[in-house]
Amino acid sequence: MDRRNFIKSGSIAAAATSILPDTPLFAQNNKKIRLAFIGVGLRGRNHVALALRREDIDVVAICDIQEESLASRRKQFQKANKKLPKEYTGGVDAYKKLLEKEKLDAVVIATPWQFHKDQAVDSMKAGLYVGCEVIAGLTVDDHWEVVKTSEQTGKPYMTLENVCYRRDVMAVLNMVRQNLFGELIHLEGGYQHDLREVLFNNGKQPYGGGVEYGAKAMSEAQWRTQFNIDQDGDLYPTHGLGPLMHYANINHGNRMTNMVSFSSKARGLANYVQKTSPGHPNAKIQYKNGDVTTTLINCANGETLLLSHDVHLPRPYSIGFRVQGTEGLWMDLNNGIYIEGKSAKGHAWDAADEWLKKYDHPLWAKYANDAAGAGHGGMDWFVFNAFIESVKQNRQTPIDVYDSVSMSVITPLSTLSLAEGNKSVEIPDFTNGKWKERKVVFALDDSGF
């Protein structure tokens, strides 16, 4: 669908009516926005780098409670020959002073998960667009609060889920929309990534070198490991689920209705600590998070979605995508595509690269050079660009608040399902019925959204 037909169909207007400020749908694209960052650790650093590449952003303030992160960002600005932003620090509420004192258009939040909800809610109440790293909240009620605040303030909230913009993921989205796979039946994805050196380090480097966590560690190991100690469930569903939601038009003519989770025993982290540092007390911790958590989801239109969370065991990285319909399927693990009647041989895989190149998404075809050198193979550029362009044009974000909380709420729901003996639990309809009429808006053309 080209942009002219997209606008003519009213899709943008439909997406904008529920959550958007009472201002023109399209503002001048040459606007320079005033942006602040809440959380400028390793993930925040990547977002800052993207902002410094652009001439349409004025980074006016940054907030972090760790001097090491602030000092590293100063060097980042100086290297880019950019004016140093004002800094806010001194405690977990320092961001509130930033929101009170600075005149801003938007904030990017890249703090530990437990702070996201409050920081996002306060930012929307301050009249700002919010681009937030995953996860949206820790409880189901947290997710509802994010939705209600966005609705009440009219300020968009966007989860910065970069895998939605991965090149092969978007090429397959293009194929789905051109009906190459036929009617979709079953989809799979997940987070399958050996995080042992992320969850433990020596306190001197962010990854590996030791088996400490919490106050004795650096970076994510200071806070992320504790979730694996305290909570069983799919702690990171959005990498897999975000793209699957776009394939299945979740919240845009379809919705997820209910789910059930299963979790394996937990051995990986304790074994890793014992192997790396025999006799270390962290090897005796009773880690609650199972090594492999599997979640099965039903959809209103009859599709099934399967998610996997697998981060404690030795393994190469993969998302494990599978997109299967009545005419064929794509599986990223074997880099294969099969389309009945169109593949080279019956019952035999084609190399996926041939299909992915042919159906390269218009966004990537247009902006690949701009994204070159950006994090995670360029997909960080696309998700950041979509957020910034939404702010500049005063329009709804392509991943809106309903999509954001839907892909995030799987975490507390999976914990609930496991705690109640693998019980099937209902998935909230955050759109309150609007999913039936909401039009698809994500990545319909090459406009950047």
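The values are calculated or read from the model by the stated rules, or taken from the named source; none is laboratory data. This is a predicted model, so every value here is computed, not measured. In this analysis, Cβ positions are derived from the backbone assuming ideal geometry, glycine residues included, and neighbour counts consider all displayed protein chains.
Looking at L235, L173, L187, can you tell me which residue is in a strand (DSSP E or B), aliphatic (A, V, I, L, M) and buried (at least 20 other Cβ atoms within 10 Å of the Cβ)?
Unique residue meeting the criteria: L187.
Can you tell me which residues in region 364-381 are in a loop (DSSP other than H, G, I, E, B) and either over 20 Å from E161 (Cβ atoms) or touching a strand residue (DSSP E or B) at 6+ places or on another chain (Cβ under 8 Å) (or both)?
Hits for region 364-381 are A372, G373.
Out of all the residues in region 319-342, is one or more assigned by TED's automatic domain parsing to the domain that holds I229, β-branched (V, I, T) and not in a strand (DSSP E or B)?
Checked against the condition, which is being assigned by TED's automatic domain parsing to the domain that holds I229, β-branched (V, I, T) and not in a strand (DSSP E or B), region 319-342 yields at least one hit.
Could you check, for region 263-270, whether at least one of its residues is surrounded by 17 or more Cβ atoms within 10 Å (Cβ to Cβ) and either in contact with a Cys (Cβ under 8 Å, 6 or more places away or on another chain) or in a strand (DSSP E or B) (or both)?
Yes - at least one qualifying residue is present in region 263-270.
Looking at W349, W364, can you tell me which residue is over 25 Å from L50 (Cβ atoms) and modelled with pLDDT of 95 or more?
W349
Could you check, for region 116-123, whether at least one of its residues is of a type in the set (A, V, I, L, M) and in contact with a Lys or Arg (Cβ under 8 Å, 6 or more places away or on another chain)?
Looking for residues that are of a type in the set (A, V, I, L, M) and in contact with a Lys or Arg (Cβ under 8 Å, 6 or more places away or on another chain), one finds none in region 116-123, hence no.
Can you run down the residue pairs with Cβ atoms below 9 Å, 6 or more apart or on separate chains, where the first is in region 240-251 and surrounded by fewer than 24 Cβ atoms within 10 Å (Cβ to Cβ) and the partner is modelled with pLDDT under 95?
If the second residue must be modelled with pLDDT under 95, no pairs are left.
For residues that are in contact with a Gly (Cβ under 9 Å, 6 or more places away or on another chain), among the aliphatic types (A, V, I, L, M) and closer than 14 Å to S277 by Cβ, tally how many sit in region 174-220.
Qualifying residue count for the region: 1.
For residues that are hydrophobic (A, V, I, L, M, F, W, C) and either in contact with a helix residue (DSSP H, G or I) (Cβ under 7 Å, 6 or more places away or on another chain) or at pLDDT below 95 (or both), scanning just region 322-332, find the one that is nearest to A266 (Cα to Cα).
The selected residue is V323.
Check whether at least one residue in region 295-315 is surrounded by 18 or more Cβ atoms within 10 Å (Cβ to Cβ), more than 30 Å from N228 (Cα to Cα) and touching a Ser or Thr at 6+ places or on another chain (Cβ under 8 Å), and report yes or no.
no
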